[in-house]
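The values are calculated or read from the model by the stated rules, or taken from the named source; none is laboratory data. This is a predicted model, so every value here is computed, not measured. Neighbour counts are summed over all protein chains in view; Cβ atoms, including those assigned to glycine, are modelled from backbone coordinates with ideal geometry.
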Amino acid sequence: MDVKTIDDVDVAGKRVLVRADLNVPLKDGRVADETRIVATLPTVRKLIGDGARVIICSHLGRPKGEVRPELSLRPVAAVLSEKLGRDVAFVETCVGAEAEEAANRLARGDVLLLENTRFRPGETENDPSFAKGLAALADVFVDDAFGTAHRKHASNYGVAEVVKPAVAGYLLAKEIQYFDQLLKNPPRPLVFVLGGAKLSTKLAVVTNMLATVDHFLIGGGMAYTFLKAQGYNVGSSLVEDDFLADAKNVLAEAGDKVELPGDHVIAKAPDEPASARAVDCPSIPEGYMGVDIGSETVQRFTAGTVGAGAIFWNGPMGVFEVAAFADGTEAVARAIAESGAVTVAGGGETVQAARQFGVAERLSHISTGGGASLKYLEGKPLAAIEILDRK
Ligand code: ADP
Ligand code: MG
């Protein structure tokens, strides 16, 4: 995509408002996982290096437009300071006189963090007056938050309507680069490994990518709606009956592009690992549900990653949170990492699984946005990216 980035603008001496994704988990008033903070450092360092006066904003959690002290971004300022090796100032608001004074006080290379944008109802409502309040702080707008890019909020959309230039930071630019490649010119063969809980959340991706993807390997809970649509007994497996017709249509259109599990690990319930056993056919007996792909399917799916040019992975192959049902996800995760293909993973539990099985570092790109990455692959424009300047 031809979106302008921080490499295309002159920021020296300018007040640059960065919409970062600092939506980190907090525990006892401290940052419990620094991943998102670390992910935005390249953008912040580049701006500091170029002599910008850097103002960072983000949301954290779901305070629903109210000030909730336990969702303050203050603890994030401390971690940012430590990582950047310089003081990061913090203001307890994100618009108004106090924020403007703090922004105007910044010297070149200084960094200021604003309070949680979602303490204001205007944020998620994309209220123009709140957006103008943010815009008053900045000469340049930089969006580096992919996780919210599919949402039209004041801090990623409204503000970009007012502040120009409005460009992408390095993190957002990297997301755009990888997803654009998957959509438009993927190294082939292009393989999509899909799983997770529900077909309904991923059906639009399958439909949109049907013509582009060479091979779908479908496991996890969503596979059972397909298997039921094919006429197999699936016992008490996760099935979305409202989507059986869609599943049938996909299978009819996709022909042999779609591979489904041919055997399973089954159990009476996800929390009853003692009841687990293997079945070496697609059908599942009454009273049991499919909780992981079986060993033949593991072999077929891992073989399906060999020689791939690019692989997109979204969704675990089974209930990987339970050790007894994690083998399929682990084996497929390792195969993806070892494939030598351009590998992109997205989705909350998918990223969690990639970390758990120690393959995260070996993937080309781990998306920071689950919902946003799916929306991208549905072929839908992401509002906050659309509003940015073009080259
Ligand atoms: P992601 O967050 O990566 O997009 P999802 O939210 O779609 O993934 O699904 C993740 C969840 O799917 C996991 O918590 C996992 O336990 C569950 N899951 C995977 N396979 C099955 C299955 N066969 N039956 C029930 N749940 C499953
Ligand atoms: Mg999830």
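Of everything in region 209-241 that is away from ligand 1 (no atom under 12 Å from the Cβ) and aliphatic (A, V, I, L, M), the residue that is nearest to ILE336 (Cα to Cα) is LEU217.
Scan region 130-165 for residues that are under 13 Å from CYS94 (Cα atoms) and over 19 Å from the mean Cα position of the chain (by Cα) and the total you get is 11. Look at region 313-325: where a residue is within 17 Å of LYS202 (Cα to Cα) and assigned by TED's automatic domain parsing to the domain that holds PRO270 and a partner is part of a strand (DSSP E or B) and among the acidic types (Asp, Glu), sitting 6+ places away or on another chain with Cβ atoms under 8 Å, you get MET317/ASP292; GLY318/ASP292.
Among ALA345, ALA372, which is within 9 Å of ligand 1 (Cβ to nearest atom), assigned by TED's automatic domain parsing to the domain that holds ASP292 and within 30 Å of VAL167 (Cα to Cα)?
Checking each option against the conditions leaves just ALA345.
Among the residues making up region 252-271, those that are modelled with pLDDT of 95 or more and more than 19 Å from ASN314 (Cα to Cα) are ALA252, GLU253, GLY262, ASP263, HIS264, VAL265, ILE266, ALA267, LYS268, ALA269, PRO270, ASP271.
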